[in-house]
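Participant: Let me give you the structure first, and then I'll get to my questions.
The values are calculated or read from the model by the stated rules, or taken from the named source; none is laboratory data. None of the values given here were measured: they were computed from a predicted structure. A quick note on method: Cβ atoms are made from the backbone with ideal geometry, for glycine too, and the neighbour counts reach across all protein chains shown. Just the protein is used for accessible areas: all its heavy atoms, side chains included, with ligands, DNA and RNA removed. Shrake-Rupley method; radii C 1.70, N 1.55, O 1.52, S 1.80 Å.
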Amino acid sequence: MAGLRAAVELASAGRVLVLAKREITDSNTQWAQGGIAAALSDEDEISLHLQDTLRAGDGLCNPQAARVLVEEAPERIEELIQWGTEFDRQGTKLTFGREGAHSRNRILHAHGDSTGREILRALYAKAKTLKNISVREFEFSTDLQVEDGRVWGIDLIDEQGERRQLAAPAVLLATGGMGQLYRNTTNPGVATGDGVAMAFRAGAEVSDMEFIQFHPTALYLKNAPRFLLSEALRGEGAYLRNLELARFMPNYHPQAELAPRDVVARAIVHELETSGVADPAVYLDLTHLDPEKIKTRFPRIYATCLEYKIDITTDLIPVRPAAHYAMGGVRTDLDGRATLAGLYAAGEAAATGVHGANRLASNSLLEGLVFGARAGRTMRAELRDTVKKSVRSATVYPAGPVNDVLSEEVVREIQDLMWKDVGIIRTGVGLKRAILRLDEIASRVSHPQTRHAHEAQNLHLAGFLVARSALKREESRGAHYRTDFPDHEDARFRKHSILQSSSIRFA
């Protein structure tokens, strides 16, 4: 979403190339079941959306970034509607739902639980009407070309497996998240932290890497993917029950099931740990809700669960938390500029500080639109002042080997390590153990030859950045929770972690 929105903004400046390592639809955007937040209803105000965003961010949001997000939301939504996005309505009026930590009904949905897919469809259709935009699928970007302190292009592996170099006066990273760092994740297979790893290797700063949001409710069945069960289910009134079928969230937070995600995820982990069962789960209960409304409101979730013999209107749904969203990423300003000239980032790959330590539900799609548009505008304006550089012909290198068994083994090892020691609940001992093990793995990912080997290298680097940042932050805040430092430490850590090369600082 962020990349396409930037491309639409850039199209008037000249040729724009959009690269996707698989299909353009294979992204977190496509799978976003939740909605998109905006203060558009009569009962809402932009100031309330800002207040909720700052509260969820647990003291670490960049207030300027959050204000930009909520103030530009209505314009971006109206734009989507003009481009053909079909949001859910009652008659001619837009309908608004509520999700965790929101004080008002302000969440727009499309086709029930397929909001991301519908917005992506409309954005892609808009991009295809602009002749300057070209889209290439199955083109895997591996590294940034840097010369004299400026990014001038990228290295990539094309659809035939050949290595190429492409020159460009500006590059935007909109590569999404890094959920594949963890054994259990709601993210698709493409979410391997590629953009963050590329930027860090090139010398750009990354920020807030310790803040990984774990979605509280992913379907938990053997031999089934960790399918996301949207927070909107709890917004509609679903309950969480433990193995004794008792509601437990009122014991943890006044907002019960609608508490911030980090609170709900940790509450579930506590219930799992105290259950005394070998392979426990908790349950999401919708059985007290109107079945026809649930089927209509959540058609995708209903159909998917039915494939696994679970009727969500009559059965309890076994759930566990899963890695969902990265608050951190490539450090940018409010216009998408990274700390390396010629480099920009937007969406989940970027760290503007808008989400602070914990993203407010349904602000992620909005972030992609708002900051994608801002980055595109900035790139367009700054390209006018960029000194032309002679563009080399694309260099082609032979394809590498195709055996990726070793890469897959390394990825599984990283995922298990991150889940165990750099997951929902952390300790200094576990974080140090993870960093040591990642150091030992480094030689196995140092010379990638294939796409998957590059993904393994990127996951390794992203995991290292997350673990290092988590070890340095000796407090608990938002999605980062350490049992050895369970409280806030505002004097030292109400700041953003910033990594560049071998250094880490808080500012």
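Participant: Less than 28 Å apart at the alpha-carbon level, and either on another chain or at least 8 residues along: which lysines does that give for Lys495?
Facilitator: Lys420, Lys432, Lys472
Participant: Additional query: Quick check for me: using +1 on Lys/Arg Cβ and -1 on Asp/Glu Cβ, what's the dipole size of the chain about its Cα centre, in debye to the nearest 20?
Facilitator: I would put it at about 840 debye.
Participant: Mind ranking 436-445, 211-220 by how tightly packed they are, going by the mean number of other C-beta atoms within 10 angstrom, highest first?
Facilitator: Ranked by mean Cβ neighbours within 10 Å, highest first: 211-220, 436-445.
Participant: Okay, moving on. Could you run the Karplus curve 6.51 cos²θ - 1.76 cosθ + 1.60 with θ = phi - 60° over segment 294-301 and give me ³J(HN,Hα) per residue in whole Hz, x for Gly and Pro?
Facilitator: Using θ = phi - 60°, the values come out as 5, 4, 6, 6, 10, x, 6, 5 Hz.
Participant: Let me ask you something else. Using the Karplus curve 6.51 cos²θ - 1.76 cosθ + 1.60 with θ = phi - 60°, what ³J(HN,Hα) values do you get for each residue of segment 355-365, in whole Hz, with x for Gly and Pro?
Facilitator: 9, x, 8, 6, 6, 6, 3, 6, 8, 6, 4
Participant: How many percent of the accessible area of segment 147-202 is carbon or sulfur, using a 1.4 Å probe?
Facilitator: The value for segment 147-202 is 42 percent carbon and sulfur by accessible area.
Participant: Next question, about the same structure. Taking amide H positions as placed 1.01 Å from N in the peptide plane, with prolines and chain starts having none, which residues 5 or more places from Val135, or on another chain, fall under 5 Å of its amide H?
Facilitator: Under 5 Å from the amide H of Val135 lie the amide H atoms of Val18, each far enough along the sequence or on another chain.
Participant: Also, quick follow-up: Using alpha carbon centroids, what distance separates segment 456-507 and segment 111-172, in Å?
Facilitator: Centre-to-centre distance over Cα atoms comes out at 30 Å.
Participant: Can you give the accessible area of Lys495 in Å² (nearest 10), computed on protein heavy atoms with a 1.4 Å probe?
Facilitator: For Lys495, solvent-accessible area is about 80 Å².
Participant: Val429 versus Asp385, label points 7 Å from Cα toward the beta carbon: distance in nm?
Facilitator: 5.4 nm
Participant: 5 Å is the cut-off here: which amide hydrogens, built 1.01 Å from N in the peptide plane, fall below it relative to His111, excluding neighbours closer than 5 in sequence?
Facilitator: Asp88
Participant: Would you pull out the residues with amide H under 5 Å of Tyr481's amide H, same chain only if 5 or more places away, H placed 1.01 Å from N?
Facilitator: Counting only residues 5 or more places away or on other chains, the set is Arg426.
Participant: Can I ask one more? State, in angstrom, two size descriptors of segment 394-507 derived from its alpha carbons: Rg to one decimal place and Dmax to the nearest whole number.
Facilitator: According to the Cα coordinates of segment 394-507, Rg and Dmax are 16.7, 54 Å.
Participant: Something else: What fraction of the Cα pairs in segment 88-186, stated in percent, has a spacing above 23 angstrom?
Facilitator: 56 percent
Participant: Compute the Cα gyration tensor for segment 227-337, then decide on rounded, prolate or oblate, letting a ≥ b ≥ c be the square roots of its eigenvalues: rounded whenever a/c is under 1.5, prolate when a/b is larger than b/c in the other cases, and oblate in all that remain.
Facilitator: Note, shape of segment 227-337 comes out oblate.
Participant: Under 11 Å from the 7 Å Cα→Cβ point of Leu130, by amide nitrogen: which residues of segment 1-19?
Facilitator: Hits in segment 1-19 for Leu130 at 11 Å: 3-18.
Participant: Right, something else. Please find the FRET efficiency linking Ala246 to Glu75, where r is the Cβ-Cβ separation and R0 is fixed at 56 Å, and quote it to the nearest 0.05.
Facilitator: 0.75
Participant: Here is a further query. Alpha carbons only, please: Rg and Dmax for segment 317-359, in angstrom.
Facilitator: My reading of the Cα-based Rg and Dmax gives 13.6, 49 Å.
Participant: Along each principal axis of its Cα atoms, how long is segment 166-234 end to end? Whole angstroms, biggest number first, please.
Facilitator: Dimensions of segment 166-234 along the principal axes of its Cα atoms: 46, 25, 22 Å.
Participant: Evaluate segment 199-269: find the radius of gyration of its Cα atoms, find its Kirkwood radius, and give the ratio Rg to Rh.
Facilitator: Rg divided by Rh gives 1.12.
Participant: Report ³J(HN,Hα) in whole Hz for each residue of segment 255-261, in order, from the Karplus equation J = 6.51 cos²θ - 1.76 cosθ + 1.60 where θ = phi - 60°; Gly and Pro get x.
Facilitator: Computed from phi, the couplings for segment 255-261 are 8, 6, 5, 9, 5, x, 4 Hz.
Participant: Here is a follow-up. For a protection proxy built on the mean count of beta-carbon atoms within 10 angstrom, sort 472-480, 291-299 highest first, please.
Facilitator: Per-residue mean Cβ counts within 10 Å order the peptides as 472-480, 291-299.
Participant: Can you give the translational diffusion coefficient of segment 42-92 in µm²/s, computed by Stokes-Einstein from the Kirkwood radius over Cα pairs at 37 °C and 0.692 mPa s?
Facilitator: Rounded to a whole number, D works out at 261 µm²/s.
Participant: Can you give the accessible area per residue of the chain, in Å², using a 1.4 Å probe?
Facilitator: 40 Å²
Participant: I've got another one for you. For the chain, state the semi-axes of the equivalent ellipsoid (square roots of 5 times the eigenvalues of the alpha-carbon gyration tensor), sorted largest first and rounded to whole angstrom.
Facilitator: 34, 27, 22
Participant: Going by accessible area, probe 1.4 Å, with all protein chains left in place, what is the ranking of His496, His447, His270, largest first?
Facilitator: Highest to lowest solvent-accessible surface, that is His447, His270, His496.
Participant: For Thr129, what accessible surface area do you get with a 1.4 Å probe? Give it in Å², rounded to 10.
Facilitator: Its heavy atoms expose roughly 100 Å² to the probe.
Participant: Same structure again: Using only alpha carbon positions, build the gyration tensor of segment 277-321, then give the equivalent ellipsoid semi-axes as the square roots of 5 times its eigenvalues, largest first, whole angstrom.
Facilitator: Each semi-axis is the square root of five times an eigenvalue, giving 21, 12, 8 Å.
Participant: Another one. Starting from one equal scatterer on each C-alpha and no solvent at all, send me the Debye-based log10 I(q)/I(0) for segment 31-137 at q = 0.11, 0.14, 0.21 Å⁻¹, two decimals.
Facilitator: These q points yield log10 I(q)/I(0) values of -0.39, -0.62, -1.15.
Participant: Quick check: from the Cα gyration tensor, does segment 138-283 come out rounded (a/c under 1.5), prolate or oblate?
Facilitator: Prolate is the answer for segment 138-283, as a/c is 1.5 or above and a/b outweighs b/c.
Participant: Please list the equivalent ellipsoid semi-axes of segment 442-507, computed as the square roots of five times the alpha-carbon gyration tensor eigenvalues, in descending order and whole angstrom.
Facilitator: Whole-Å semi-axes of the equivalent ellipsoid: 30, 13, 9.
Participant: Of His109, Ala197, Pro280, which is farthest on the positive side of the dipole of the chain, counting Cα position, with +1 on Lys and Arg Cβ, -1 on Asp and Glu Cβ, and the Cα centre as origin?
Facilitator: The one lying farthest along the dipole's positive direction is Ala197.
Participant: Given a 1.4 Å probe and the protein chains all in place, what does the accessible area of Ser503 round to, in Å² to the nearest 10?
Facilitator: 60 Å²
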